[in-house]
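Structure, as structure tokens:
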Amino acid sequence: MGFRRNLVIRFAKWASNMSQKIRGGQGVTLPGYIARKLDHNILTALNGDVRKKTFVVLGTNGKTTTNSILYNALTAEGEKVIINKTGSNMMNGVTSAYVLATDKKGRLDADYACIEVDELASLTVLPEIRPDYLILTNIYRDQLDRFGEVDITFQKLKEAIKKTPNTVLLINGDDVLSYTLAKESGNEFHVYGINEQIFDDTSRSEIRESIFCRQCGHKLEYKFFHYGQLGDYACPNCGLTRPEAEYSASNIRLTNVGSTFDVGDRSFTTGAKAPYNIYNTMAAYAALRMAGLEAAYFEEMIAAYDYGNSRESQFDIAGTHLQIHLAKNPVGFQQKVSLVLRDDTPKDIIILINDEAQDGKDVSWLWDVDFQYLVDANANSIIAAGKRGYDMQLRLKYEDIPCEVTQNLKETICDCIDNRSSNLYIIVNYTGLYSTNTLLKNLETEYAGKEGQS
Ligand SMILES: [Zn+2]
């Protein structure tokens, strides 16, 4: 790394520091932006200074968790690791992660890099990083109103991966889109997945447009679904068949507090309560093994790993247990329905649906979620909230499930705490997460105050 480059890095760090002091906050992508303006090769150069390997994580769901597990696993092995923060997975954010990882002299001291990359940014980021390994978690549709999104994502990812032909891929073989992409890319690839049927009926929801063969357009046949489009598929027309997973989870047991499962001759006890987090865990573990690492501390690390990522928060207020769960697409929502069903104690459920830009303006995807299973949820009440609360109510009406709508979320939550069951689930889509979290934090303080006075 040359003298000029060190200077660029030090200047970028100093300038973003100053900017933060003057304007406050929001400086995660700024160092990357400045550094790139001064030296457009900075990302390639810095990644070149990583001593061992670079992992990139791509995919619609599970990127952040998979990348974070990978980071924790490598750190547990005593390695020095660069990771980019949630929400900084585009070009400037990724560059920032490297810039900010340098020391005072602008030098990088890292064994590994674990970088999560946004699907649409992959086209520009991948050619600059040329990662040794690329983990593709899955390719799902995020929101219906960006119609054709799956195809666009698929094409962008394929184009991006083709630009880095020496990168070894790790894919979820249960996802026909990921498998097709890997085959079409021409890159070397390895497969993880779940070889046996393990999940109950309630975990399934058919995401219709995904079950057609990408090679010939024929309808795929499934021996079984895990959830969403994931499962054991085959095309009766062209012979495309799900690949046997080299890394497969077996003996999976899901409970209210977590799960246990085996991969090969190793057994993991985790806090993962949802199947998608078993996939995320497996993806990280398989990536390590694929890279030739023993991952000797993986069991220990994963047993203590917190899957919350602040996306799933729990509160205990005046004797009521409250949980917030984020579900941003039909597959995610189905998983939350399953999660609620595994808890057979009495409960109240609030479902908050917004339609801001980040949520998707069109909420017709609600019709893709199999809400009918909520009949068996042992719920005292199901309450819809948010800007599209009435759409949620209508959706449940079609399943003959009674549902009130609230315009005052705080009042409703207080009513649940004061008068209803002591177990409250709040399922929210994207933009409801932050405000609901804040609301619960404030309520926690308010109630603590009340208890103090009495
Ligand atoms: Zn086919």
- Residues in the stretch 386-403 that are within 30 Å of the chain's Cα centre (by Cα) and not in a loop (DSSP other than H, G, I, E, B) total 8
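Determine, yes or no, whether A296 is more than 30 Å from E446 (Cα to Cα), in the same structural domain as T54 (by TED's automatic domain parsing) and open to solvent by less than 50 Å² (accessible area, probe 1.4 Å). Step through it out loud before you land on a result.
Values: more than 30 Å from E446 (Cα to Cα): yes; in the same structural domain as T54 (by TED's automatic domain parsing): yes; open to solvent by less than 50 Å² (accessible area, probe 1.4 Å): no.
Criteria not met by A296.
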- Item | Verdict on D132 being surrounded by fewer than 23 Cβ atoms within 10 Å (Cβ to Cβ) and under 20 Å from V28 (Cα atoms) | no
- Are there any pairs, at least 6 apart or on different chains, whose C-beta atoms fall under 7 Å, with the first in the stretch 73-92 and assigned by TED's automatic domain parsing to the domain that holds R51 and more than 28 Å from I34 (Cβ to Cβ) and the second outside any strand (DSSP E or B) and aromatic (F, W, Y), and if so, which? A73/F298; A76/Y297; E77/Y297
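Go through G193, G148 for me and flag whichever is farther than 17 Å from I83 by Cα and either at pLDDT 95 or above or of a type in the set (A, V, I, L, M, F, W, C) (or both). Explain how you work it out, then say what you get.
Working: G148 fails: either at pLDDT 95 or above or of a type in the set (A, V, I, L, M, F, W, C) (or both).
Selected residue: G193, the only one of G193, G148 that is farther than 17 Å from I83 by Cα and either at pLDDT 95 or above or of a type in the set (A, V, I, L, M, F, W, C) (or both).
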- Which condition number in (1) of a type in the set (S, T, N, Q); (2) at pLDDT 95 or above; (3) open to solvent by less than 20 Å² (accessible area, probe 1.4 Å) is the one that N41 fails? (3)
- Note on the structure: With criteria (1) modelled with pLDDT under 90; (2) open to solvent by less than 10 Å² (accessible area, probe 1.4 Å), Y307 comes up short on (2)
- Mind listing just one residue for me: the one in the stretch 246-270 that is open to solvent by less than 10 Å² (accessible area, probe 1.4 Å) and not polar (S, T, N, Q) and, of those, nearest to the ligand (Cβ to nearest atom)? A249
- Message: Looking at the stretch 210-221, I want the residues that are more than 23 Å from P330 (Cα to Cα) and have a partner that is more than 7 Å from the ligand (Cβ to nearest atom) and part of a loop (DSSP other than H, G, I, E, B) with Cβ atoms under 8 Å, at least 6 apart or on another chain. Which pairs are those?
- Response: H218/P236
- Find the strands (runs of 3 or more DSSP E) located wholly in the stretch 218-263 whose residues include 3 or more that are of a type in the set (D, E) and in contact with an Asp or Glu (Cβ under 7 Å, 6 or more places away or on another chain), and list them. none
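The values are calculated or read from the model by the stated rules, or taken from the named source; none is laboratory data. Note that the structure is predicted; figures quoted are calculated from it, not measured. Here Cβ is always computed from backbone atoms with ideal geometry, including for glycine, and neighbour counts include all displayed protein chains. Calculation scope for accessible area: heavy atoms of the full protein, side chains included, ligands and nucleic acids excluded. Shrake-Rupley method; radii C 1.70, N 1.55, O 1.52, S 1.80 Å.
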